[in-house]
Amino acid sequence: MIVLYSLMFLGGYISAAGLGLTCPEWPLCPNGVMPSEEYLIEWIHRLAAATTGALVIATMIAALINKNSETKIRITSSLATVFVITQITLGALVIDTKLHAVLVAVHLGIGILLFSMVLLTTLFAFRMARNSLATRI
């Protein structure tokens, strides 16, 4: 949740500050893996997106593998994975189309859906853990 919220905060800052095309290539900036100072904010946003993607996908895999996980957690984590892959694809398209307004708006909307699914997954997991502790006592 913290990584995703940070990613959304960075994305909002980049958009509001007009920095969306500071790094005009995707997935890497012109200087490669370690960008120069002018590309740093956008590069951090992309690094946070990659980290978020890995964490969301790992959560879904763990939920699917764990035989004790509830169906609600499996569904919300699977939807979060679909949304995170969609977000990464849309992020690339937003850069390739030079910040096309419709794609930027859809990118924001899918981001909100992604946040909702990750939040629900987290809430369901904590509820499940709390109920499991209550039955043991």
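A few comments on the model shown:
- Note on the chain: Cα convex hull, mean projected area over all directions, 9.0 nm².
- Loop-resident sites, the range 1-69, for GluC sites (Glu not before Pro), counting at most 16 other Cβ within 10 Å (DSSP): Glu25
- Computed FRET value (nearest 0.05) for Ala17 with Thr89, which takes r as the C-beta separation and R₀ as 30 Å: 0.80
Throughout, read-outs are computed from the coordinates displayed, never taken from laboratory work. None of these values were measured; they are calculated from a predicted model. Every residue, glycine as well, gets a Cβ built from its backbone with ideal geometry; the counts of neighbours run over all protein chains shown.
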